[in-house]
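K.L.:
Here it is, the structure in full.
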Amino acid sequence: EDPLALHGGKDGYDVTRNVLSSTAHYLRPGAQVLLELDSSQPEHFETWWLSSSIHDSTLQFVEWRRDFSSLPRFVRLGKVV
């Protein structure tokens, strides 16, 4: 793993914040993005996303998913049509 991906800053979302700050610009309406997060993050992601300063109403939380070990690991966002 990239050391920066393993140290996400004070709230753990520095890398996620950087990726999502420009994601909506590159996605077509109806497209989705799937992010792998630390297993402690997906359950709290929706709340974090809605309160985040980078939250853009064109990208919406869809769901979070578990990995093969049943750990919450992935979050899916979709661009509003």
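The values are calculated or read from the model by the stated rules, or taken from the named source; none is laboratory data. Small disclaimer: the values here were computed from a predicted structure and weren't measured. Note: ideal-geometry Cβ built from the backbone for every residue, glycine included; neighbour counts use all protein chains shown. Protein only, heavy atoms only, side chains kept; ligands, DNA and RNA dropped before computing areas. Shrake-Rupley method; radii C 1.70, N 1.55, O 1.52, S 1.80 Å.
K.L.:
Send over a whole-number figure in Å² for the accessible area per residue of the chain, probe 1.4 Å.
P.N.:
69 Å²
K.L.:
So what is the relative contact order for the chain, in percent, with contacts set as C-alpha pairs under 8 Å and at least six apart? Working shown, then result.
P.N.:
On the way: 99 pairs, mean separation 27.5, N = 81.
Normalised by residue count, the contact order of the chain is 34 percent.
K.L.:
While we're looking at this one, here's another question. Summing -39500 (n - 2.57) over the DSSP H runs of n ≥ 4 in the chain and dividing by its residue number, what mean residue ellipticity at 222 nm do you reach, to the nearest 500 deg cm²/dmol? Present the calculation step by step, with values, prior to reporting the outcome.
P.N.:
Working: 3 runs with 27 residues, N = 81.
Dividing the helical sum by the residues of the chain leaves -9500 deg cm²/dmol.
K.L.:
If I fit a long axis through the Cα atoms of helix 14-26 and take the longest principal axis of the Cα atoms of the chain, what angle between them do I get, 0 to 90°, rounded to 10?
P.N.:
It works out to around 20 degrees.
K.L.:
What percentage of the solvent-accessible surface of the chain, computed with a 1.4 Å probe over protein heavy atoms, is contributed by carbon and sulfur atoms? Each step should come with its number before you reach the end.
P.N.:
Values: 2850 of 5600 Å².
Its accessible area is 51 percent carbon and sulfur atoms.
K.L.:
Quickly work out the residue 63-to-residue 50 label distance, labels modelled 7 Å from Cα along the C-beta direction, and quote it in nm with one decimal.
P.N.:
1.9 nm
K.L.:
In whole Hz and in residue order, list the ³J(HN,Hα) couplings for the range 47-61 that follow from phi through the Karplus curve 6.51 cos²θ - 1.76 cosθ + 1.60, θ = phi - 60°; x for Gly and Pro.
P.N.:
Computed from phi, the couplings for the range 47-61 are 5, 4, 4, 5, 9, 6, 5, 8, 3, 10, 5, 7, 10, 10, 5 Hz.
K.L.:
Normalised by the empirical 2.2 N^0.38 Å for globular proteins, what value does the Cα Rg of the chain take?
P.N.:
Numbers: Rg = 12.4 Å, N = 81, 2.2 N^0.38 = 11.7 Å.
This ratio for the chain stands at 1.06.
K.L.:
What is the set of long-range amide H partners of residue 56 at a cut-off below 5 Å, with H atoms built 1.01 Å from backbone N?
P.N.:
For residue 56, whose amide H was placed from the backbone, there are no distant partners under 5 Å.
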